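Let me begin by presenting the structure, written as C-alpha cells, before commenting on it.
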Amino acid sequence: MTPNPRAPHHVAIIMDGNGRWAQLRGRPRLLGHHAGARRVKEIVRACPDLGVKYLTIFAFSTENWKRTQSEVAGLMRLFKRYIRREAHDLKAENVRVRFIGDRVKLEPALVDLMDGLELATAENTGTNLTIALNYGGRDEVTRAARRLAHDVKLGKLDPRQICDETFPRYLDTYVLPDPDLVIRTSGEARISNFLLWQSAYAEYEFIDTLWPDFSAQIFAEVLVRYGLRDRRFGAVKA
Ligand code: IPE
Ligand code: IPE
Ligand code: MG
C-alpha cells in the first residue's frame, strides 16, 4: 500500500460500544471488552501502512470507576492479560508503548506490567501506541497544575514563563504531538473527557460502528476522509 501523504500523524480513538456489542448478542458486557481488545491489535498493525505514526487509545476513563465492581474488576484483569499476552508481539513489531492517566488508583500488579511494557519497548522506533488508562482530561490538567504550582513554589519556574508552550510540558502527553484526528465509535457524539487540552484543534469523526466491529478497512476509509478536510487553524487560506 502506498502511504497516504495526507495521513494524520497522530490519531486518537475513543473505543466505545463494547457493552452494546455484547448486549446485542445477549452476552455479558465483559465479552464485548474482550472482543474490543482483539480489534486493538488489528488497528495497531494497520498503522505503518496507513502512515499513522502515533495512535492513542482510550481504554479506561476516570469516570469508568462508576461501573459495577464486577465490570471494573473484569476490565482490570483484561488489561493485565492484554499486556502479558501482547508484550512479545508489540516489542517484535517495533511498537513503542506508553501509558497516560493517573496510576495512583491502579493496583500495583497492573502498574508493574505497564512499567515493564514501557521499558521493554522504549527503544522501538515504529508506531507510538499510547494507552489511556484511568485517564481523564480534567484530571490530567489539574494534576499538571499541581506539579506546576509546586515548581513555582520551589523557585524552579517563574510564573511569567507560563504560556501555552510551557504548560503542556506538565501534561501526561508531554512527549506526544497533539492529535490530528479523534475518532469515536458507537454513534455517541461526545468526547467524554478525552485529551481536552491536546485536541483543541483536532478533527473529529463520530462513527456509528461499535468498537468490536471497527476493522482496519473502516479505519482506512476514515483516514481517506480526513485527507479531504481543510484544516485552517484560525487562519484564512492564501
Ligand atoms: C467502551 O465500551 C470501553 C470502556 C469504556 C471501558 P463501553 O463499555 O462503554 O460500551 P457501551 O458504550 O456500554 O456500549
Ligand atoms: C469513554 O466511553 C471512555 C472509554 C472509551 C474508555 P464511555 O462509554 O465511558 O463514555 P460515556 O459514559 O458514554 O460518556
Ligand atoms: Mg460507552
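Coordinate-derived values only; no laboratory data. Remember, it's a predicted structure, so these values are computed and weren't measured experimentally. Note that each Cβ is placed from the backbone with ideal geometry, even for glycine, and that neighbours are counted across all protein chains shown.
Dipole magnitude for the stretch 78-130: computed about the Cα centre from +1 point charges on Lys and Arg Cβ and -1 point charges on Asp and Glu Cβ, it is near 160 debye. Is the stretch 83-222 best put as rounded, prolate or oblate by its Cα gyration tensor, with a ≥ b ≥ c the root eigenvalues, rounded for a/c under 1.5, and otherwise prolate when a/b is larger than b/c, oblate when not? Verdict is oblate for the stretch 83-222.
The relative contact order of the stretch 131-238, computed from alpha carbon pairs under 8 Å that lie at least 6 residues apart in sequence, is 25 percent. The value of relative contact order for the stretch 174-213, using C-alpha pairs under 8 Å at least six residues apart, is 53 percent. Straight Cα distances below 18 angstrom link K91 to the lysines K41, K53, K80, with same-chain residues fewer than 8 positions distant left out. Give me the percent relative contact order of the chain, please, defined on Cα pairs under 8 angstrom at least 6 residues apart. Relative contact order, the chain: 29 percent. Computed across the chain, the Kirkwood radius stands at 18.9 Å (inverse of mean 1/r, all Cα pairs). Sort the stretch 20-148 into rounded, prolate or oblate with this rule: let a ≥ b ≥ c be the square roots of the eigenvalues of the Cα gyration tensor; rounded if a/c is under 1.5, and if a/c is not under 1.5, prolate when a/b is larger than b/c, oblate otherwise. Here the stretch 20-148 falls in the oblate category. The modelled label-to-label distance for the pair R190/V152, using points 7 Å beyond Cα in the direction of Cβ, is 3.2 nm.
The slack between A109 and K237, meaning 0.36 nm per residue of separation minus the straight C-alpha distance, is 40.9 nm. Once the Cα-Cα distance is subtracted from the 0.36 nm per residue extended length, the R67 to A92 segment shows a gain of 5.5 nm.
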